[in-house]
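Here the structure comes first, spelled out in structure tokens, and everything after it is commentary.
Rule-based calculations on the coordinates, nothing more; no lab input. Since the model is a prediction, treat every value here as computed from it, not as a measurement. Counting neighbours? That spans all protein chains shown, and the Cβs are built from the backbone with ideal geometry, glycine included.
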Ligand SMILES: [Zn+2]
């Protein structure tokens, strides 16, 4: 089960080198560091995901 979850996350990491479309589309993108969806309309999320080596932000925080 956990092994499947890891494999499922791999394409997201592998796509980070050529994902300009994701970064420019609409008002959200998938963070290449933590694979979390970042809402560009939320300045706090944007700043958080610009930090090197950060962890996924708590959606409920
Ligand atoms: Zn992130």
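Selection of region 25-34 for residues being surrounded by 14 or more Cβ atoms within 10 Å (Cβ to Cβ) and in a loop (DSSP other than H, G, I, E, B) yields 31, 32, 33, 34.
For beta carbons closer than 8 Å, sequence separation of 6+ or different chains, a first residue in region 40-51 that is on the phi > 0 side of the Ramachandran plot and without any contact (Cβ under 8 Å) to a residue 40 or more places away in the chain and a second that is outside any loop (DSSP other than H, G, I, E, B) and surrounded by fewer than 10 Cβ atoms within 10 Å (Cβ to Cβ), there are no qualifying pairs.
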